[in-house]
There are 2 protein chains.
Amino acid sequence: MCQPIRVSAKTSAPPVCVLGLGLIGGSLLRAAAAAGRTVWGWNRSVGSVDEARADGYDAGTDLRAALTRAAETDAIVVIAVPEPALDDVLTHVAALAPNCTLTDVVSVKGSVLDAVRRVGLAAHFVGGHPMAGTARSGWSAGDGALFRGAVWVVAAEDDTNPAAWTSVAGLALDCGSVVVPAGAEEHDCAVARISHLPHLLAEALAVTAASGGDLALALAAGSYRDGTRVASTAPSLVRAMCEANAAALTVALDEAVALLTAARDALDATGSTETLVEAGHAARVRHDELDRWDITDIEVGALGWAGHLRDAGRRGGALRAL
Amino acid sequence: MCQPIRVSAKTSAPPVCVLGLGLIGGSLLRAAAAAGRTVWGWNRSVGSVDEARADGYDAGTDLRAALTRAAETDAIVVIAVPEPALDDVLTHVAALAPNCTLTDVVSVKGSVLDAVRRVGLAAHFVGGHPMAGTARSGWSAGDGALFRGAVWVVAAEDDTNPAAWTSVAGLALDCGSVVVPAGAEEHDCAVARISHLPHLLAEALAVTAASGGDLALALAAGSYRDGTRVASTAPSLVRAMCEANAAALTVALDEAVALLTAARDALDATGSTETLVEAGHAARVRHDELDRWDITDIEVGALGWAGHLRDAGRRGGALRAL
């Protein structure tokens with residue numbers, strides 16, 4: 001009597017429950033929907049929910065309803081709330097959807113992993129971090145194409161659940177990203193250098209330029225604009241990510257300050273900026289010439305898989321398919 | 001018998017002799033030609049000359065011929081060679097075209113003014129600095145639209161020749177720029193903050209990021225790319241401008257290092273980055289909201305004109321017409 005229903009790979013992929021509909025969560029909701037996923041979103045404030053609904057998406061302000069539906073449908077739950085709201089949302093997940101695959105899109109992975117462990121959700125948790133963004137924020141700034149071609153870090157710890165890892169990596173790939181595996185701690189050290197430090201350098205440049213008065217600001221052109229672009233980001237967002245990664249960021253800041261101080265002293269003593277300028281140019285060239293090779297030979301779940309993935313990520317590897 | 005020939009304002013504008021056909025000189029040659037000026041270029045190496053000729057421009061490697069023609073036609077001579085070649089080119093100008101209006105497009109004005117004074121060419125010299133560029137260099141990187149909408153600083157000193165000033169400002173306006181008047185010293189202090197400091201911050205960021213290894217470089221996204229863009233610039237060009245402005249750049253570096261050190265210490269002691277992040281955001285907003293008003297009421301050549309122009313530039317004023 002009951003004929004089996006033929007489902008496509010897309011429609012059999014797990015549904016997605018996105019908690020937080022700002023720039024990243026809102027973009028993820030759009031991207032997952034475009035990939036054919038069943039997806040719904042929750043946001044604390046009604047403004048973003050109304051905007052999402054007006055754009056035709058399934059969204060609401062009832063966290064209990066969103067998580068109950070996630071538990072009933074075995075959805076992937078994505079935490080996309082600002083850092084300060086993390087603990088409260090995790091408490092609700094622990095109460096209402098403790099067996100769902102859980103991931104996040106927060107830019108610091110160690111502190112999220114700690115918070116997840118505190119509420120006992122580590123068994124199904126896989127940290128995530130799409131390396132994409134703009135200086136704008138909120139639902140209206142979102143874009144379903146934001147993650148296309150971007151790197152999406154999917155954290156692989158020794159105790160990570162392989163099925164959950166595959167599920168989260170599949171979502172990242174569905175959103176158009178390439179997946180770079182990394183451990184939470186090494187991820188945080190890396191993003192301190194390539195994301196959080198650039199924000200503080202941009203702030204310092206903006207302040208130093210403005211100290212030159214209106215003449216300096218009137219002359220500001222390309223190098224100023226690019227160098228200060230991320231200083232346009234809402235201070236609360238910059239502070240949240242920098243302060244959650246304080247230990248690693250302090251190390252990166254110390255290195256940058258040491259380089260600048262040495263350059264300043266050399267300029268003063270010898271008139272030369274050669275050491276810093278040559279090293280900086282070579283470093284940027286190294287970035288531009290980085291070869292991102294495809295990880296194809298690691299079976300998720302096989303003995304030592306997480307360590308093998310982390311090692312591949314450290315050597316510049318990425319997954320383009322599962 | 002001889003009918004007067006009716007000439008347009010464009011064709012009666014002085015011809016232009018561009019010395020150096022790199023990014024800026026090559027762009028200026030194109031822009032001045034597009035504005036209807038008679039224009040020819042000189043470059044030491046034959047490669048750029050051949051490229052310019054292939055693109056239909058009048059260019060050669062004979063400095064004596066270029067300057068003799070300038071003297072015969074009362075052309076504006078534009079120095080667009082790299083800083084190290086400056087003295088040699090100025091010596092030729094002093095010998096062959098000492099009465100031509102002379103300007104330059106070098107990014108540091110104090111050292112050029114000193115060099116011009118050493119060869120006795122100050123009477124007809126007006127320093128210039130178009131605030132435009134890219135990380136690329138050479139004739140092929142040039143673009144006749146590079147200066148469109150850009151700020152072009154035209155230096156006004158107390159002893160500047162008003163006719164020469166008007167002539168150089170006219171060339172900048174013909175190239176599509178707005179003219180900001182400034183003294184050489186205040187210009188150099190301003191560009192240390194908005195152009196030379198950004199270059200050294202970009203170099204320091206590139207080095208600190210690369211110290212994180214291939215994982216960090218693989219995760220590098222928008223904030224890294226924007227923050228290090230100018231580290232792609234040829235080291236020789238970065239060094240030339242930074243080292244020619246050592247005194248002002250040292251002051252700017254000290255301020256930036258002090259801000260970063262204070263932020264590092266606050267992050268370590270209190271976990272907060274509030275002071276720097278709020279100040280940086282406010283400074284960038286101040287830049288974005290800067291009102292560039294039109295200078296219309298200063299007669300060049302009238303008593304105290306140069307000081308009045310400098311004062312207007314300091315208060316955010318610019319000329320869009322003469």
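The values are calculated or read from the model by the stated rules, or taken from the named source; none is laboratory data. Only a predicted model underlies this, so the values are computations on that prediction, with no experimental measurement involved. Counting neighbours? That spans all protein chains shown, and the Cβs are built from the backbone with ideal geometry, glycine included. What goes into the accessible areas is simple: the full protein's heavy atoms, side chains included, and nothing from ligands, DNA or RNA. Shrake-Rupley method; radii C 1.70, N 1.55, O 1.52, S 1.80 Å.
Structure notes:
- Label-point gap, in nm, between B:ALA71 and A:ASP55 - each point 7 angstrom along Cα→Cβ: 6.8
- Here the stretch A:100-143 is scanned for amide nitrogen atoms under 15 Å from the site 7 Å beyond the Cα of A:SER236 along Cα-to-Cβ, giving A:136-140.
- For the protein assembly as shown, the mean residue ellipticity at 222 nm estimated from helices alone is -15500 deg cm²/dmol, where every DSSP H run of n ≥ 4 contributes -39500 (n - 2.57) and the total is divided by all residues, rounded to the nearest 500.
- Simple point charges give the picture: +1 on the Cβ of Lys and Arg, -1 on the Cβ of Asp and Glu, and for the stretch B:194-265 a dipole about the Cα centre of about 180 debye.
- Label spacing, shortest first and in nm, from B:TRP293 to its equivalents in the remaining copies (7 angstrom along Cα→Cβ): 6.3
- Simple Cβ-charge dipole of the protein assembly as shown, Lys/Arg +1 and Asp/Glu -1, about Cα centre, in debye nearest 20: 1540
- Cα pair distances exceeding 19 angstrom across the stretch B:179-304, given as percent: 65
- Inter-chain shielding of A:241-247 (mean C-beta neighbours from other protein chains, 10 Å cut-off): 4
- Cα-Cα separations in the protein assembly as shown greater than 44 Å, expressed as whole percent: 33
- In plain terms, if you count all Cα to Cα distances in chain A and split them into 10 Å steps from zero, the share in each step is 6, 24, 32, 22, 11, 4, 1, 0, 0 percent.
- FRET efficiency, 1/(1 + (r/R0)^6) with R0 22 Å, evaluated for B:ALA94 and B:THR250 via beta carbons: 0.10
- Over 14 Å [Cα-Cα, the stretch B:38-93], rounded percent: 55
- Highest average packing first - B:303-316, B:212-225, B:38-51, A:21-34, Cβ atoms within 10 Å: A:21-34, B:212-225, B:38-51, B:303-316
- Taking every residue in B:310-317 and counting other chain Cβ atoms within 10 Å of its Cβ, the average works out to 3.
- Furthest towards positive pole of dipole, A:ALA209, A:THR68, A:ALA97, structure part chain A, Cβ charges: A:THR68
- Cut-off under 5 Å, modelled amide H: who pairs with A:VAL153 long-range: A:HIS129, A:MET131, A:VAL180
- Solvent-accessible area, 1.4 Å probe, carbon plus sulfur percent, for the protein assembly as shown: 52
- Expressed in Å, the radius of gyration and Dmax of the Cα atoms of the stretch A:9-146 are 13.6, 37.
- Positive-end residue of B:VAL112, B:LEU303, B:GLY47, charge dipole of chain B with Cβ unit charges: B:GLY47
- Using a probe of 1.4 angstrom and keeping all protein chains present, the accessible surface of chain A works out to 39 square angstrom per residue.
- Rounded to the nearest 20 debye, the dipole magnitude of chain B is 840 debye, with +1 charges on Lys and Arg beta carbons, -1 on Asp and Glu beta carbons, and the Cα centre as origin.
- Placing R0 at 60 angstrom, the Cβ-Cβ distance between B:LEU322 and A:ASP291 gives a FRET efficiency of 0.65 after rounding to 0.05.
- Label 7 Å beyond Cα on the Cβ vector: B:THR166 copy-to-copy distances, nm: 8.1
- Across peptide A:184-197, the mean count of Cβ atoms from other chains lying within 10 Å of each residue's own Cβ comes to 6.
- DSSP H segments from chain A that extend 24 Å or more along their own axis, Cα-based, with Kyte-Doolittle mean of -0.5 or above: A:246-270
- Close amide H contacts of A:VAL39 (hydrogens built in the peptide plane, cut-off under 5 Å, sequence separation of 5 or more or a different chain): A:VAL16.
- Residues of the stretch B:45-72 with amide N under 15 Å of the 7 Å Cα→Cβ point at B:THR38: B:58-59, B:66-72
- For peptides A:265-275, B:57-67, sequence by mean Cβ density within 10 Å, most packed first: B:57-67, A:265-275
- Projecting 7 Å from Cα along the Cα-to-Cβ direction, the label point of A:ALA234 sits 4.5 nm from its equivalents in the other copies, listed shortest first.
- In terms of packing, defined here as the mean over residues of other Cβ atoms within 10 angstrom, the peptides A:242-250, B:114-122 line up highest first as A:242-250, B:114-122.
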